[in-house]
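Worksheet: the structure to be examined is printed underneath.
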Amino acid sequence: MAAHQEKKLAEERKHQNIQNDTKAFQGQWGRAWEVDWFSLASILFLLMFAPLIVYYFIMSCAQYQCTLTDPLLDLLTGNKHLSDIWNRTPMLTSRAAGIYSLWVTFQVVLYMSIPDFCHKFLPGYVGGVQEGAVTPAGVVNKYEINGLQAWIITHMLWFANASCFHFFSPTIIFDNWIPLLWCANILGYAVSTFAMIKGYFFPTNAKDCKFTGNFFYDYMMGIEFNPRIGKWFDFKLFFNGRPGIVAWTLINLSFAAKQQELYGEVTNSMILVNVLQGIYVLDFFWNEAWYLKTIDICHDHFGWYLGWGDCVWLPYLYTLQGLYLVYHPIQLCTAHAIGVLMLGLLGYYVFRMTNHQKDLFRRTNGNCRIWGKKPEYIECSYMSVDGTKYYSKLMTSGFWGWARHFNYTGDLMGSLAYCLACGFEHILPYFYIIYMTILLIHRCIRDEHRCCSKYGKDWKHYTTAVPYRLLPGIF
Ligand code: NDP
(Lines give C-alpha, C1' and ligand atoms only; values in the text may rest on other atoms or scores of the structure.)
Protein backbone atom coordinates (compact mmCIF):
# COMPACT_ATOMS: atom_id res chain seq x y z
CA MET A 1 0.00 0.00 0.00
CA ALA A 2 2.77 2.41 1.09
CA ALA A 3 4.80 1.47 -2.00
CA HIS A 4 1.76 2.15 -4.19
CA GLN A 5 1.23 5.58 -2.60
CA GLU A 6 4.89 6.45 -2.99
CA LYS A 7 4.75 5.47 -6.66
CA LYS A 8 1.65 7.65 -7.13
CA LEU A 9 3.35 10.59 -5.38
CA ALA A 10 6.45 10.16 -7.53
CA GLU A 11 4.28 10.19 -10.67
CA GLU A 12 2.49 13.33 -9.49
CA ARG A 13 5.83 15.00 -8.81
CA LYS A 14 7.06 13.98 -12.26
CA HIS A 15 3.91 15.43 -13.85
CA GLN A 16 4.36 18.64 -11.84
CA ASN A 17 7.97 18.89 -12.98
CA ILE A 18 6.97 18.46 -16.62
CA GLN A 19 4.41 21.26 -16.21
CA ASN A 20 6.98 23.51 -14.53
CA ASP A 21 9.54 22.73 -17.22
CA THR A 22 6.98 23.57 -19.90
CA LYS A 23 6.23 26.82 -18.15
CA ALA A 24 9.90 27.59 -17.68
CA PHE A 25 10.79 26.92 -21.30
CA GLN A 26 7.77 28.69 -22.74
CA GLY A 27 8.32 31.58 -20.35
CA GLN A 28 11.68 32.05 -22.01
CA TRP A 29 10.27 33.48 -25.22
CA GLY A 30 6.50 33.20 -25.44
CA ARG A 31 3.79 35.53 -24.15
CA ALA A 32 3.92 36.54 -20.46
CA TRP A 33 2.77 34.03 -17.85
CA GLU A 34 2.37 36.58 -15.10
CA VAL A 35 0.40 39.80 -15.45
CA ASP A 36 1.79 42.95 -13.89
CA TRP A 37 -0.57 45.71 -12.78
CA PHE A 38 0.40 48.03 -15.64
CA SER A 39 -0.46 45.43 -18.31
CA LEU A 40 -3.71 44.67 -16.53
CA ALA A 41 -4.64 48.36 -16.30
CA SER A 42 -3.84 48.87 -20.02
CA ILE A 43 -5.89 45.83 -20.95
CA LEU A 44 -8.90 46.91 -18.93
CA PHE A 45 -8.61 50.39 -20.45
CA LEU A 46 -8.55 48.99 -23.98
CA LEU A 47 -11.37 46.51 -23.38
CA MET A 48 -13.55 49.33 -22.07
CA PHE A 49 -12.55 52.17 -24.32
CA ALA A 50 -11.31 50.82 -27.68
CA PRO A 51 -14.87 50.19 -29.01
CA LEU A 52 -15.85 53.68 -27.79
CA ILE A 53 -12.82 55.25 -29.49
CA VAL A 54 -13.81 53.67 -32.82
CA TYR A 55 -17.41 54.81 -32.38
CA TYR A 56 -16.30 58.33 -31.41
CA PHE A 57 -14.16 58.75 -34.55
CA ILE A 58 -16.80 57.45 -36.92
CA MET A 59 -19.61 59.39 -35.23
CA SER A 60 -17.51 62.60 -35.30
CA CYS A 61 -17.31 62.30 -39.06
CA ALA A 62 -20.97 61.42 -39.54
CA GLN A 63 -22.34 64.10 -37.19
CA TYR A 64 -19.58 66.72 -36.82
CA GLN A 65 -17.72 66.81 -40.16
CA CYS A 66 -14.75 64.93 -38.60
CA THR A 67 -14.13 67.54 -35.88
CA LEU A 68 -12.98 65.56 -32.85
CA THR A 69 -13.41 68.31 -30.27
CA ASP A 70 -16.96 69.43 -31.14
CA PRO A 71 -18.85 66.40 -29.76
CA LEU A 72 -16.97 66.76 -26.46
CA LEU A 73 -17.61 70.51 -26.31
CA ASP A 74 -21.30 69.97 -27.06
CA LEU A 75 -21.54 67.44 -24.24
CA LEU A 76 -19.51 69.47 -21.74
CA THR A 77 -21.42 72.70 -22.34
CA GLY A 78 -24.76 70.86 -22.13
CA ASN A 79 -25.54 71.82 -25.72
CA LYS A 80 -26.23 68.16 -26.40
CA HIS A 81 -26.84 65.05 -24.32
CA LEU A 82 -25.39 61.63 -24.98
CA SER A 83 -28.87 60.52 -25.96
CA ASP A 84 -29.03 63.21 -28.70
CA ILE A 85 -25.86 61.84 -30.29
CA TRP A 86 -26.94 58.25 -29.84
CA ASN A 87 -30.42 58.91 -31.29
CA ARG A 88 -28.84 60.27 -34.46
CA THR A 89 -26.62 57.18 -34.82
CA PRO A 90 -27.87 54.65 -37.38
CA MET A 91 -28.73 51.31 -35.77
CA LEU A 92 -28.03 47.78 -36.98
CA THR A 93 -30.10 47.06 -40.10
CA SER A 94 -31.02 43.76 -41.73
CA ARG A 95 -29.45 45.08 -44.95
CA ALA A 96 -26.10 45.67 -43.23
CA ALA A 97 -26.31 42.27 -41.49
CA GLY A 98 -26.97 40.66 -44.89
CA ILE A 99 -24.08 42.48 -46.59
CA TYR A 100 -21.67 41.65 -43.77
CA SER A 101 -22.66 37.97 -43.53
CA LEU A 102 -22.30 37.61 -47.29
CA TRP A 103 -18.91 39.34 -47.17
CA VAL A 104 -17.46 37.15 -44.42
CA THR A 105 -18.91 33.96 -45.91
CA PHE A 106 -17.45 34.86 -49.30
CA GLN A 107 -14.02 35.39 -47.77
CA VAL A 108 -14.25 32.06 -45.89
CA VAL A 109 -15.12 30.32 -49.16
CA LEU A 110 -12.20 31.97 -50.98
CA TYR A 111 -9.86 31.04 -48.12
CA MET A 112 -10.98 27.45 -47.67
CA SER A 113 -12.18 26.21 -51.03
CA ILE A 114 -9.87 27.58 -53.70
CA PRO A 115 -6.27 26.37 -53.45
CA ASP A 116 -3.80 28.98 -54.65
CA PHE A 117 -3.25 29.17 -58.40
CA CYS A 118 -1.40 32.52 -58.49
CA HIS A 119 1.99 30.94 -57.70
CA LYS A 120 1.61 28.82 -60.84
CA PHE A 121 1.82 31.77 -63.18
CA LEU A 122 3.16 34.77 -61.23
CA PRO A 123 6.98 34.66 -61.25
CA GLY A 124 8.48 35.31 -57.83
CA TYR A 125 5.21 34.93 -55.94
CA VAL A 126 5.26 32.38 -53.09
CA GLY A 127 1.82 30.86 -52.55
CA GLY A 128 0.21 27.48 -51.94
CA VAL A 129 1.10 25.35 -48.93
CA GLN A 130 3.82 27.00 -46.82
CA GLU A 131 5.32 26.37 -43.38
CA GLY A 132 5.20 28.79 -40.46
CA ALA A 133 7.96 29.29 -37.86
CA VAL A 134 8.66 26.89 -34.98
CA THR A 135 6.21 27.61 -32.13
CA PRO A 136 7.35 27.63 -28.48
CA ALA A 137 6.06 24.02 -28.25
CA GLY A 138 8.20 23.06 -31.24
CA VAL A 139 5.30 22.73 -33.73
CA VAL A 140 5.64 23.82 -37.36
CA ASN A 141 2.21 24.62 -38.85
CA LYS A 142 1.35 24.43 -42.52
CA TYR A 143 -0.73 27.20 -44.15
CA GLU A 144 -2.55 27.50 -47.47
CA ILE A 145 -1.34 30.86 -48.75
CA ASN A 146 -4.02 32.14 -51.13
CA GLY A 147 -4.61 35.72 -49.96
CA LEU A 148 -3.44 37.36 -53.18
CA GLN A 149 -5.88 35.25 -55.12
CA ALA A 150 -8.72 36.15 -52.71
CA TRP A 151 -7.84 39.84 -53.08
CA ILE A 152 -7.71 39.65 -56.91
CA ILE A 153 -11.01 37.75 -57.23
CA THR A 154 -12.77 40.09 -54.79
CA HIS A 155 -11.55 43.22 -56.61
CA MET A 156 -12.30 41.84 -60.06
CA LEU A 157 -15.88 41.21 -58.94
CA TRP A 158 -16.04 44.69 -57.42
CA PHE A 159 -14.90 46.35 -60.68
CA ALA A 160 -17.13 44.06 -62.79
CA ASN A 161 -20.10 45.15 -60.70
CA ALA A 162 -19.15 48.85 -60.82
CA SER A 163 -18.61 48.91 -64.56
CA CYS A 164 -21.04 46.29 -65.97
CA PHE A 165 -23.49 44.53 -63.68
CA HIS A 166 -24.58 47.32 -61.29
CA PHE A 167 -26.04 44.87 -58.75
CA PHE A 168 -25.14 47.36 -56.01
CA SER A 169 -23.74 50.87 -55.84
CA PRO A 170 -19.96 51.16 -55.21
CA THR A 171 -20.89 53.57 -52.41
CA ILE A 172 -22.53 50.66 -50.56
CA ILE A 173 -19.81 50.48 -47.89
CA PHE A 174 -19.90 54.21 -47.13
CA ASP A 175 -23.71 54.24 -47.17
CA ASN A 176 -23.88 51.48 -44.53
CA TRP A 177 -20.74 52.44 -42.62
CA ILE A 178 -22.20 52.67 -39.10
CA PRO A 179 -24.64 49.71 -39.38
CA LEU A 180 -21.68 47.68 -40.66
CA LEU A 181 -19.72 48.80 -37.60
CA TRP A 182 -22.23 47.00 -35.36
CA CYS A 183 -21.90 43.83 -37.49
CA ALA A 184 -18.09 43.97 -37.30
CA ASN A 185 -18.32 44.34 -33.52
CA ILE A 186 -20.63 41.34 -33.23
CA LEU A 187 -18.19 39.21 -35.22
CA GLY A 188 -15.17 40.59 -33.32
CA TYR A 189 -16.65 39.76 -29.91
CA ALA A 190 -18.05 36.41 -31.08
CA VAL A 191 -14.76 35.20 -32.47
CA SER A 192 -12.75 36.36 -29.43
CA THR A 193 -15.19 34.68 -27.02
CA PHE A 194 -15.19 31.50 -29.08
CA ALA A 195 -11.36 31.51 -29.12
CA MET A 196 -11.33 31.78 -25.31
CA ILE A 197 -13.77 28.89 -24.86
CA LYS A 198 -11.89 26.83 -27.41
CA GLY A 199 -8.60 27.47 -25.61
CA TYR A 200 -10.08 26.01 -22.41
CA PHE A 201 -12.06 23.09 -23.78
CA PHE A 202 -10.74 21.96 -27.16
CA PRO A 203 -7.42 23.62 -28.01
CA THR A 204 -5.70 22.77 -31.27
CA ASN A 205 -2.37 22.32 -29.52
CA ALA A 206 -2.51 22.21 -25.72
CA LYS A 207 1.24 22.76 -25.32
CA ASP A 208 1.02 26.08 -27.14
CA CYS A 209 -1.72 27.43 -24.82
CA LYS A 210 -1.01 29.95 -22.09
CA PHE A 211 -3.17 30.62 -19.05
CA THR A 212 -2.21 33.49 -16.77
CA GLY A 213 -5.20 32.86 -14.50
CA ASN A 214 -6.35 36.41 -15.15
CA PHE A 215 -9.60 36.31 -17.10
CA PHE A 216 -9.25 39.75 -18.70
CA TYR A 217 -5.64 39.23 -19.75
CA ASP A 218 -6.38 35.82 -21.23
CA TYR A 219 -9.45 37.16 -23.04
CA MET A 220 -7.54 40.10 -24.49
CA MET A 221 -4.19 38.50 -25.33
CA GLY A 222 -5.54 35.03 -26.12
CA ILE A 223 -4.90 31.56 -24.82
CA GLU A 224 -4.24 29.53 -27.93
CA PHE A 225 -1.24 30.30 -30.06
CA ASN A 226 -2.55 28.96 -33.36
CA PRO A 227 -6.24 28.05 -32.99
CA ARG A 228 -7.59 26.12 -35.94
CA ILE A 229 -10.77 24.41 -37.04
CA GLY A 230 -9.95 21.31 -38.99
CA LYS A 231 -6.62 21.11 -40.72
CA TRP A 232 -6.65 24.40 -42.60
CA PHE A 233 -8.92 27.05 -41.06
CA ASP A 234 -6.33 29.07 -39.17
CA PHE A 235 -7.92 31.85 -37.10
CA LYS A 236 -4.87 34.10 -37.10
CA LEU A 237 -4.17 33.96 -40.81
CA PHE A 238 -7.83 34.35 -41.75
CA PHE A 239 -8.81 37.17 -39.41
CA ASN A 240 -5.54 39.07 -39.78
CA GLY A 241 -5.64 39.09 -43.57
CA ARG A 242 -9.29 38.73 -44.52
CA PRO A 243 -11.90 40.04 -44.00
CA GLY A 244 -10.12 43.20 -42.71
CA ILE A 245 -7.20 43.75 -45.09
CA VAL A 246 -9.02 42.62 -48.25
CA ALA A 247 -11.75 45.06 -47.22
CA TRP A 248 -9.28 47.94 -46.69
CA THR A 249 -8.87 48.69 -50.41
CA LEU A 250 -12.59 48.13 -51.12
CA ILE A 251 -13.50 50.57 -48.35
CA ASN A 252 -11.19 53.19 -49.90
CA LEU A 253 -12.73 52.59 -53.33
CA SER A 254 -16.18 53.04 -51.86
CA PHE A 255 -15.09 56.36 -50.29
CA ALA A 256 -13.72 57.48 -53.67
CA ALA A 257 -17.03 56.53 -55.31
CA LYS A 258 -18.87 58.59 -52.68
CA GLN A 259 -16.71 61.62 -53.46
CA GLN A 260 -17.56 61.18 -57.14
CA GLU A 261 -21.27 60.94 -56.32
CA LEU A 262 -21.28 63.98 -53.99
CA TYR A 263 -18.92 66.35 -55.82
CA GLY A 264 -18.73 65.01 -59.37
CA GLU A 265 -14.97 64.36 -59.07
CA VAL A 266 -12.40 62.37 -57.16
CA THR A 267 -9.71 64.62 -55.63
CA ASN A 268 -5.98 63.98 -56.01
CA SER A 269 -5.72 63.48 -52.23
CA MET A 270 -8.26 60.64 -52.42
CA ILE A 271 -6.35 59.10 -55.33
CA LEU A 272 -3.09 59.34 -53.33
CA VAL A 273 -4.65 57.65 -50.31
CA ASN A 274 -6.13 54.90 -52.52
CA VAL A 275 -2.85 54.34 -54.38
CA LEU A 276 -0.46 54.42 -51.39
CA GLN A 277 -2.65 52.25 -49.16
CA GLY A 278 -3.38 50.00 -52.16
CA ILE A 279 0.37 49.37 -52.58
CA TYR A 280 0.65 48.53 -48.88
CA VAL A 281 -2.28 46.07 -49.03
CA LEU A 282 -1.09 44.45 -52.23
CA ASP A 283 2.38 44.13 -50.74
CA PHE A 284 0.86 42.36 -47.74
CA PHE A 285 -0.81 39.75 -49.95
CA TRP A 286 2.14 39.38 -52.30
CA ASN A 287 4.25 38.62 -49.23
CA GLU A 288 1.69 36.62 -47.28
CA ALA A 289 4.13 33.69 -46.94
CA TRP A 290 6.68 36.06 -45.40
CA TYR A 291 3.97 37.28 -43.05
CA LEU A 292 3.98 33.79 -41.44
CA LYS A 293 7.32 34.77 -39.93
CA THR A 294 6.19 38.08 -38.43
CA ILE A 295 5.34 38.78 -34.79
CA ASP A 296 1.55 38.52 -35.31
CA ILE A 297 1.90 34.89 -36.32
CA CYS A 298 5.11 33.93 -34.47
CA HIS A 299 4.46 35.52 -31.11
CA ASP A 300 0.89 36.74 -30.47
CA HIS A 301 -1.77 34.40 -29.16
CA PHE A 302 -5.24 34.74 -30.63
CA GLY A 303 -7.59 36.70 -28.39
CA TRP A 304 -9.63 39.90 -28.46
CA TYR A 305 -6.56 41.93 -29.42
CA LEU A 306 -6.32 40.14 -32.77
CA GLY A 307 -9.93 38.93 -33.17
CA TRP A 308 -11.76 42.17 -32.41
CA GLY A 309 -8.83 44.27 -33.64
CA ASP A 310 -8.87 42.70 -37.10
CA CYS A 311 -12.65 42.89 -37.43
CA VAL A 312 -13.22 46.42 -36.10
CA TRP A 313 -10.11 48.46 -35.30
CA LEU A 314 -8.27 47.79 -38.56
CA PRO A 315 -11.02 48.36 -41.16
CA TYR A 316 -12.49 51.35 -39.31
CA LEU A 317 -9.43 53.26 -38.11
CA TYR A 318 -6.92 52.44 -40.85
CA THR A 319 -9.34 53.93 -43.39
CA LEU A 320 -9.97 57.24 -41.61
CA GLN A 321 -8.13 59.27 -44.27
CA GLY A 322 -10.50 58.14 -47.02
CA LEU A 323 -13.53 58.75 -44.80
CA TYR A 324 -12.25 62.22 -43.90
CA LEU A 325 -11.79 63.07 -47.58
CA VAL A 326 -15.45 62.27 -48.28
CA TYR A 327 -16.39 65.06 -45.85
CA HIS A 328 -13.46 67.32 -46.85
CA PRO A 329 -12.69 66.85 -50.57
CA ILE A 330 -9.19 68.35 -50.60
CA GLN A 331 -7.46 69.09 -53.92
CA LEU A 332 -3.74 69.35 -53.15
CA CYS A 333 -1.39 71.68 -55.02
CA THR A 334 1.05 69.82 -57.28
CA ALA A 335 4.07 70.29 -54.98
CA HIS A 336 2.17 69.00 -51.95
CA ALA A 337 0.82 65.99 -53.90
CA ILE A 338 4.28 65.10 -55.27
CA GLY A 339 5.81 65.48 -51.78
CA VAL A 340 3.23 63.07 -50.33
CA LEU A 341 3.76 60.61 -53.17
CA MET A 342 7.55 60.67 -52.79
CA LEU A 343 7.40 60.24 -49.01
CA GLY A 344 4.89 57.39 -49.38
CA LEU A 345 6.99 55.60 -52.02
CA LEU A 346 10.25 56.13 -50.12
CA GLY A 347 8.63 54.81 -46.94
CA TYR A 348 7.33 51.80 -48.84
CA TYR A 349 10.77 51.15 -50.36
CA VAL A 350 12.49 51.22 -46.95
CA PHE A 351 9.75 49.05 -45.40
CA ARG A 352 9.85 46.46 -48.18
CA MET A 353 13.63 46.33 -48.65
CA THR A 354 14.28 45.97 -44.92
CA ASN A 355 11.75 43.15 -44.64
CA HIS A 356 13.10 41.59 -47.84
CA GLN A 357 16.70 41.66 -46.57
CA LYS A 358 15.77 39.75 -43.42
CA ASP A 359 13.60 37.29 -45.31
CA LEU A 360 16.35 36.60 -47.88
CA PHE A 361 18.95 36.27 -45.15
CA ARG A 362 16.86 33.82 -43.14
CA ARG A 363 15.69 31.78 -46.18
CA THR A 364 19.22 31.28 -47.45
CA ASN A 365 20.69 30.88 -43.97
CA GLY A 366 23.00 33.82 -44.66
CA ASN A 367 24.19 32.52 -48.06
CA CYS A 368 23.12 35.60 -49.99
CA ARG A 369 24.33 39.08 -50.85
CA ILE A 370 23.07 42.22 -49.12
CA TRP A 371 23.97 45.44 -50.90
CA GLY A 372 26.41 43.46 -53.01
CA LYS A 373 28.31 41.91 -50.08
CA LYS A 374 28.14 38.73 -48.01
CA PRO A 375 26.05 39.64 -44.94
CA GLU A 376 27.56 39.88 -41.48
CA TYR A 377 25.72 38.28 -38.58
CA ILE A 378 25.79 37.07 -35.00
CA GLU A 379 25.27 33.35 -34.34
CA CYS A 380 22.63 32.60 -31.69
CA SER A 381 20.78 29.68 -30.13
CA TYR A 382 17.52 29.02 -28.24
CA MET A 383 15.47 26.14 -26.85
CA SER A 384 11.87 24.93 -27.36
CA VAL A 385 9.62 23.35 -24.71
CA ASP A 386 10.92 19.82 -25.26
CA GLY A 387 14.49 21.03 -24.64
CA THR A 388 15.55 20.83 -28.29
CA LYS A 389 18.29 23.34 -29.06
CA TYR A 390 17.88 25.42 -32.24
CA TYR A 391 20.39 27.68 -33.95
CA SER A 392 19.67 30.98 -35.66
CA LYS A 393 21.43 34.09 -36.94
CA LEU A 394 20.89 37.82 -36.42
CA MET A 395 22.00 39.91 -39.37
CA THR A 396 24.01 43.09 -38.82
CA SER A 397 24.28 44.14 -42.49
CA GLY A 398 22.12 46.25 -44.79
CA PHE A 399 19.25 48.16 -43.15
CA TRP A 400 19.54 45.73 -40.20
CA GLY A 401 22.96 47.21 -39.48
CA TRP A 402 21.51 50.77 -39.44
CA ALA A 403 18.85 50.07 -36.81
CA ARG A 404 17.19 47.06 -35.20
CA HIS A 405 13.73 47.87 -36.63
CA PHE A 406 14.31 49.97 -39.73
CA ASN A 407 11.31 48.24 -41.32
CA TYR A 408 9.15 50.06 -38.75
CA THR A 409 10.81 53.35 -39.73
CA GLY A 410 9.77 52.80 -43.35
CA ASP A 411 6.26 51.87 -42.24
CA LEU A 412 6.04 55.11 -40.24
CA MET A 413 7.18 57.22 -43.21
CA GLY A 414 4.44 55.66 -45.35
CA SER A 415 1.86 56.16 -42.59
CA LEU A 416 2.79 59.83 -42.31
CA ALA A 417 2.33 60.23 -46.08
CA TYR A 418 -1.31 59.01 -45.92
CA CYS A 419 -2.03 61.56 -43.21
CA LEU A 420 -0.27 64.44 -44.99
CA ALA A 421 -2.47 63.76 -48.03
CA CYS A 422 -5.37 65.12 -45.94
CA GLY A 423 -3.93 68.61 -45.44
CA PHE A 424 -3.54 70.32 -42.07
CA GLU A 425 -7.03 71.40 -41.06
CA HIS A 426 -8.02 68.56 -38.75
CA ILE A 427 -6.31 66.15 -36.36
CA LEU A 428 -8.58 63.18 -37.18
CA PRO A 429 -6.68 61.91 -40.25
CA TYR A 430 -3.45 62.10 -38.22
CA PHE A 431 -4.74 59.50 -35.81
CA TYR A 432 -3.08 56.84 -37.97
CA ILE A 433 0.49 58.11 -37.60
CA ILE A 434 0.00 58.71 -33.86
CA TYR A 435 -1.39 55.21 -33.42
CA MET A 436 1.29 53.55 -35.60
CA THR A 437 4.06 55.34 -33.71
CA ILE A 438 2.72 54.05 -30.39
CA LEU A 439 2.06 50.57 -31.82
CA LEU A 440 5.47 50.16 -33.42
CA ILE A 441 7.47 51.59 -30.49
CA HIS A 442 5.55 49.26 -28.19
CA ARG A 443 6.30 46.43 -30.65
CA CYS A 444 10.00 47.26 -30.58
CA ILE A 445 10.00 46.95 -26.82
CA ARG A 446 7.87 43.77 -26.83
CA ASP A 447 9.94 42.15 -29.56
CA GLU A 448 13.23 43.02 -27.91
CA HIS A 449 12.04 41.68 -24.58
CA ARG A 450 11.07 38.45 -26.31
CA CYS A 451 14.32 38.19 -28.30
CA CYS A 452 16.35 38.91 -25.18
CA SER A 453 14.57 36.03 -23.35
CA LYS A 454 14.91 33.81 -26.39
CA TYR A 455 18.56 34.41 -27.28
CA GLY A 456 20.01 35.61 -23.93
CA LYS A 457 23.61 36.84 -24.19
CA ASP A 458 23.60 36.48 -28.01
CA TRP A 459 20.91 39.19 -28.13
CA LYS A 460 23.12 41.44 -25.97
CA HIS A 461 25.94 41.00 -28.52
CA TYR A 462 23.52 42.00 -31.25
CA THR A 463 22.31 45.15 -29.47
CA THR A 464 25.92 46.16 -28.90
CA ALA A 465 26.63 45.73 -32.61
CA VAL A 466 23.43 47.59 -33.63
CA PRO A 467 22.70 50.05 -30.81
CA TYR A 468 19.71 51.96 -32.26
CA ARG A 469 16.10 50.84 -32.67
CA LEU A 470 14.42 53.08 -35.23
CA LEU A 471 16.58 56.08 -36.11
CA PRO A 472 20.38 55.68 -36.29
CA GLY A 473 22.04 58.05 -33.83
CA ILE A 474 18.74 59.12 -32.22
CA PHE A 475 16.59 56.26 -30.91
P1 NDP B 1 9.90 41.99 -37.82
O2 NDP B 1 9.57 41.55 -39.18
O3 NDP B 1 10.96 43.03 -37.66
O4 NDP B 1 10.29 40.69 -37.02
C5 NDP B 1 10.95 40.71 -35.80
C6 NDP B 1 11.63 39.36 -35.65
O7 NDP B 1 12.66 39.24 -36.63
C8 NDP B 1 12.32 39.19 -34.33
O9 NDP B 1 11.41 38.74 -33.35
C10 NDP B 1 13.34 38.12 -34.68
O11 NDP B 1 12.64 36.89 -34.79
C12 NDP B 1 13.77 38.51 -36.09
N13 NDP B 1 14.89 39.40 -36.13
C14 NDP B 1 15.09 40.52 -35.40
N15 NDP B 1 16.26 41.09 -35.74
C16 NDP B 1 16.81 40.32 -36.70
C17 NDP B 1 18.02 40.38 -37.43
N18 NDP B 1 18.89 41.35 -37.24
N19 NDP B 1 18.27 39.43 -38.33
C20 NDP B 1 17.40 38.42 -38.56
N21 NDP B 1 16.24 38.31 -37.88
C22 NDP B 1 15.95 39.25 -36.96
O23 NDP B 1 8.68 42.56 -36.99
P24 NDP B 1 7.10 42.45 -37.15
O25 NDP B 1 6.70 41.06 -37.30
O26 NDP B 1 6.52 43.22 -36.01
O27 NDP B 1 6.80 43.33 -38.42
C28 NDP B 1 6.73 42.91 -39.75
C29 NDP B 1 6.33 44.08 -40.61
O30 NDP B 1 4.94 44.34 -40.45
C31 NDP B 1 7.08 45.36 -40.25
O32 NDP B 1 7.59 45.94 -41.42
C33 NDP B 1 6.03 46.23 -39.62
O34 NDP B 1 6.28 47.58 -39.95
C35 NDP B 1 4.74 45.71 -40.21
N36 NDP B 1 3.61 45.87 -39.29
C37 NDP B 1 2.52 46.58 -39.69
C38 NDP B 1 1.44 46.75 -38.85
C39 NDP B 1 0.25 47.53 -39.27
O40 NDP B 1 -0.71 47.53 -38.52
N41 NDP B 1 0.26 48.20 -40.39
C42 NDP B 1 1.42 46.15 -37.51
C43 NDP B 1 2.60 45.43 -37.21
C44 NDP B 1 3.64 45.28 -38.07
P45 NDP B 1 13.31 35.45 -34.54
O46 NDP B 1 12.66 34.96 -33.31
O47 NDP B 1 12.93 34.67 -35.77
O48 NDP B 1 14.78 35.66 -34.42
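The values are calculated or read from the model by the stated rules, or taken from the named source; none is laboratory data. These numbers come from a predicted model, not from an experiment. Every residue, glycine as well, gets a Cβ built from its backbone with ideal geometry; the counts of neighbours run over all protein chains shown. Heavy atoms of the whole protein, side chains included, go into the accessibility calculation; ligands, DNA and RNA do not. Shrake-Rupley method; radii C 1.70, N 1.55, O 1.52, S 1.80 Å.
Evaluating kT/(6 pi eta Rh) at 20 °C and 1.002 mPa s, with the Kirkwood radius of region 332-474 over Cα pairs in the Stokes-Einstein relation, gives 127 µm² s⁻¹. Put the Cα centre of region 411-475 next to the Cα centre of region 338-385 and the gap is 16 Å. Here the translational diffusion coefficient of the chain follows from Stokes-Einstein with Rh set to the Kirkwood radius across Cα pairs; for 20 °C and 1.002 mPa s it amounts to 88 µm²/s.
Computed 3J(HN,Hα) for region 168-183, one whole-Hz value per residue from the Karplus formula 6.51 cos²θ - 1.76 cosθ + 1.60 where θ = phi - 60°, is 9, 6, x, 7, 3, 6, 4, 5, 10, 4, 6, x, 5, 4, 5, 5, glycine and proline marked x.
Taking all protein chains as present, what is the carbon and sulfur share of the accessible area of region 332-474, in % to the nearest whole number, probe 1.4 Å? Of all accessible area on region 332-474, carbon and sulfur atoms account for 64 percent.
Sorted largest first by accessible area at a 1.4 angstrom probe radius, with every protein chain in place, the residues 342, 196 fall in the order 342, 196. Ranking of 426, 442 by solvent-accessible surface, largest first: 442, 426 (1.4 Å probe, protein heavy atoms only, all chains present). Residue 88 exposes around 130 Å² of accessible area when a 1.4 Å probe is run over every protein chain in place. Reducing region 226-253 and region 48-122 to their Cα centroids gives an inter-centroid distance of 17 Å. Against the chain, whose longest principal axis comes from its Cα atoms, helix 431-455 is set at around 10 degrees. Restricting region 317-421 to chymotrypsin sites (Phe, Trp or Tyr not before Pro) that sit in a DSSP loop and have at most 16 other Cβ atoms within 10 Å of their own Cβ leaves 371.
From the square roots a ≥ b ≥ c of the eigenvalues of the alpha-carbon gyration tensor of region 91-215, which class results: rounded (a/c under 1.5), prolate (a/b over b/c), or oblate? Note, shape of region 91-215 comes out oblate.
The residues of the chain have, on average, 47 Å² of accessible surface per residue, using a 1.4 Å probe with all protein chains present. Sorted largest first by accessible area at a 1.4 angstrom probe radius, with every protein chain in place, the residues 151, 37 fall in the order 37, 151.
Once the mean of 1/r is taken over each pair of separate Cα atoms and inverted, region 408-475 shows a Kirkwood hydrodynamic radius of 13.7 Å. Backbone geometry of region 388-393 corresponds, through the Karplus equation with coefficients 6.51, -1.76 and 1.60 at θ = phi - 60°, to 3J(HN,Hα) couplings of 5, 8, 10, 10, 8, 9 Hz, x marking Gly and Pro. Rolling a 1.4 Å probe across all protein chains gives residue 77 an accessible area of roughly 100 Å². Packing, taken as the mean count of other beta carbons within 10 Å per residue, orders the peptides 260-266, 232-238 from highest to lowest as 232-238, 260-266. The amide H of residue 145, built 1.01 Å from its N in the peptide plane, has 128, 129, 130 as neighbours under 5 Å, considering only residues 5 or more places off or on other chains. Phi-derived couplings, Karplus 6.51 cos²θ - 1.76 cosθ + 1.60 at θ = phi - 60°, listed residue by residue for region 224-238: 7, 7, 10, x, 9, 10, x, 7, 10, 6, 9, 4, 5, 5, 5 Hz, with x used for Gly and Pro. Across every direction, the projection of the convex hull enclosing the Cα atoms of region 91-331 has a mean area of 14.0 nm². Computing the accessible area with a 1.4 Å probe over protein heavy atoms, can you report the carbon and sulfur percentage for region 95-220? Reported share for carbon and sulfur atoms: 73 percent. Taking amide H as placed 1.01 Å from N in the peptide plane, residue 377 has its amide H under 5 Å from the amide H of 396, each at least 5 places away in sequence or on another chain. Exposure check, 1.4 Å probe, all protein chains in place: residue 177 carries approximately 20 Å² of accessible surface.
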